[in-house]
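**Student:** Structure in structure tokens, see below.
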Amino acid sequence: MFDAGLIGDIYEAAAVPERWAGVLQTLADQAGARGSNLIRFGPQGLAMTSTESVQALTVEFDRLGYNAQNTRVSRLLARGDHPGFLTDSDVHSADELVSLPIYSEFLVPHGMDAGAATVIQGAGEDGLILALEGFAGHEASRQAARRLDALRPHLARALALSAQLRMQRVEAAVNALDLVSVAAGVIDPAGRIEAMNPRFAAAMDSLLAQRAGVLHAVHPGCDAQLRVALARLRERRAGCSLPLRDAQGAARHALHLVPMHGLARDAFDSAGAVVILAGAGNPSVPGADLIRALFDLTPAEARVARAVAQGLSPTEIASRHTASPATVRTQLKHVFAKTGVTRQTELAVLLASLAGPLDPAA
């Protein structure tokens, strides 16, 4: 049986999403599995988040291309109306469990061929898959599935609530940026658009396009740079800035990818990014409050960032704020990490491009 406090932890995680990673690992531990994968699915494709214990293998599975032939997911979705957990041996024959490439080449050698998963349907074509991975064998996964079925109603309610809350946070973030004249959207690591505000949507035809749900630049050269930037985001959670040109090659805007360090730091955070479009020629520097909100900076880091954008050196900033130069340099290092730049000049250009007529004075 599962620990009596686990149900309470599940509902607590629904309201405090940062706790899902720990709850899902505890669930796996008590069920006898190695770890858990949480998969969001919808018309735009799949996005996966893993507990730390299986994350490396999940990433490697995807890198080697096995998700393109992942019958575990397709057959599970085909039985999406099943009211409980299904195992690999429920949706595959004994021969398939040893002969299909995803099993023979990857899952079996890594001890990940026995799992149990359930589908939690959303309001439309979207939903979640909760998969427990790495049981000792198929008999162990079948026994665990029967026990997991008793928890499924609680998991379904709590995970559905968390998914709704996450989308509300994402949409609130991009809409808030619209209020301060910033065109913004949110993408997952594969570049699939999850939300966008009206200013961002207005630029889609001339600068950006959405193909199978994935964000692309209309200019081929810019699109190649965007693909590289998205790979960097997935590998290192690093943001960047790049120019955007229209189809005729005219430079029009800058595009900033800002990793979601603070927006969705939980089991539903798949290391996506806020995408910000900024036009050239803005005359002012955005206020410290806006800078802080955009990049998840502390108040002190936001003040340092704005001062750099105004052209001050670390020594001058230290004098202005009665701090030591060493402290300012440390804060500046944190600002670089959160904004995805590496030099003060890049930071100044980034923040200047975000300025708009409604930016408050710091």
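**Student:** Kindly list the residues of region 63-99 that lie in the label zone of residue 149, defined by a backbone N under 11 Å from the point 7 Å along the Cα-to-C-beta vector.
**Tutor:** 83-86
**Student:** Kindly state, to the nearest 0.05, the FRET efficiency for residue 202 paired with residue 139, given R0 = 56 Å and r defined as their beta-carbon distance.
**Tutor:** 0.50
**Student:** I've got another one for you. Report the FRET efficiency, 1/(1 + (r/R0)^6), for residue 70 and residue 181, where r is their Cβ-Cβ distance and R0 is 51 Å, rounded to 0.05. The partial results should precede the final answer.
**Tutor:** On the way: r = 42 Å, r/R0 = 0.83.
Calculated value: 0.75.
**Student:** Assuming 0.36 nm per residue, please report the length gained on full extension of the stretch residue 161 to residue 62 beyond their Cα-Cα distance.
**Tutor:** Result for the pair: 32.9 nm of gain on full extension.
**Student:** Let me spell out the model: positive unit charges on the Cβ of Lys and Arg, negative unit charges on the Cβ of Asp and Glu, origin at the Cα centre of region 19-104. What dipole size does that give, in debye rounded to 20?
**Tutor:** On the way: 7 positive and 9 negative charges, 52 e Å.
My answer is approximately 260 debye.
**Student:** Let me ask something else about it. Set the Förster distance to 22 Å, then compute FRET efficiency between residue 52 and residue 15 from the Cβ-Cβ distance, nearest 0.05. Spell out each step's value before the answer.
**Tutor:** Details: r = 22 Å, r/R0 = 1.02.
Step by step, r from the Cβ atoms, then E = 0.45.
**Student:** Restricting to Cα atoms and excluding each atom paired with itself, what does the Kirkwood estimate give for region 49-208 in Å? Please report the intermediate quantities before stating the final value.
**Tutor:** On the way: mean 1/r = 0.0557 Å⁻¹.
Its Kirkwood hydrodynamic radius stands at 18.0 Å.
**Student:** Here's a follow-up. Is there a quick way to get the dipole size of the chain? I mean about its Cα centre, with the Cβ of Lys and Arg at +1 and of Asp and Glu at -1; what is the value in debye to the nearest 20? Don't jump to the answer; show the numbers that get you there.
**Tutor:** Numbers: 33 positive and 36 negative charges, 212 e Å.
For this selection, approximately 1020 debye.
**Student:** Considering Cα pairs under 8 angstrom that are at least six residues apart, work out the relative contact order of region 69-214 and quote it in whole percent.
**Tutor:** Values: 168 pairs, mean separation 23.5, N = 146.
Relative contact order here is 16 percent.
**Student:** May I pose another question? Percent relative contact order of the chain, based on C-alpha pairs within less than 8 angstrom and at least six residues apart?
**Tutor:** On the way: 633 pairs, mean separation 51.5, N = 362.
Dividing the mean separation by the residue count of the chain yields 14 percent.
**Student:** Select from 130, 170, 68 the residue farthest towards the positive end of the dipole of region 65-175; place +1 on Cβ of Lys and Arg, -1 on Cβ of Asp and Glu, and compute about the Cα centre.
**Tutor:** Farthest towards the positive end: 170.
**Student:** Right, next: Running Debye on the chain with equal point scatterers at the Cα sites and no solvent, what base-10 log of I(q)/I(0) appears at q = 0.12 Å⁻¹?
**Tutor:** For the chain, the Cα-only Debye profile gives -0.92.
**Student:** Just to confirm a number: summing +1 for Lys and Arg and -1 for Asp and Glu over residues other than residue 10 whose beta-carbon lies under 13 angstrom from that of residue 10, what do you get?
**Tutor:** Values: positive: 19, 152, 157; negative: 3, 9, 12.
Net charge in that neighbourhood comes out at 0.
**Student:** Would you mind counting up the charge near residue 63? Only other residues with Cβ under 13 Å from its Cβ, with Lys and Arg at +1 and Asp and Glu at -1. Could the numbers behind the result be given before it?
**Tutor:** Values: positive: 234; negative: 60, 62, 235.
Here the count lands on -2.
**Student:** So between residue 95 and residue 333, what do we pick up on full extension, going 0.36 nm a residue minus the alpha carbon distance? Before the final figure, lay out the partial values.
**Tutor:** Numbers: separation 238, 0.36 × 238 = 85.68 nm, distance 5.47 nm.
Gain in length upon complete extension: 80.2 nm.
**Student:** On the protein heavy atoms, probe 1.4 angstrom, tell me the percent of accessible surface of the chain carried by carbon and sulfur.
**Tutor:** Details: 8850 of 16150 Å².
Answer for the chain is 55 percent, counting heavy atoms of protein chains only.
The values are calculated or read from the model by the stated rules, or taken from the named source; none is laboratory data. The shown structure was predicted, so the numbers you read here are calculated from the model rather than taken from an experiment. Virtual Cβ from ideal backbone geometry, glycine too; neighbours counted across all protein chains shown. Each accessible area value is taken on the protein alone, full model and side chains, heavy atoms only, with ligands, DNA and RNA left out. Shrake-Rupley method; radii C 1.70, N 1.55, O 1.52, S 1.80 Å.
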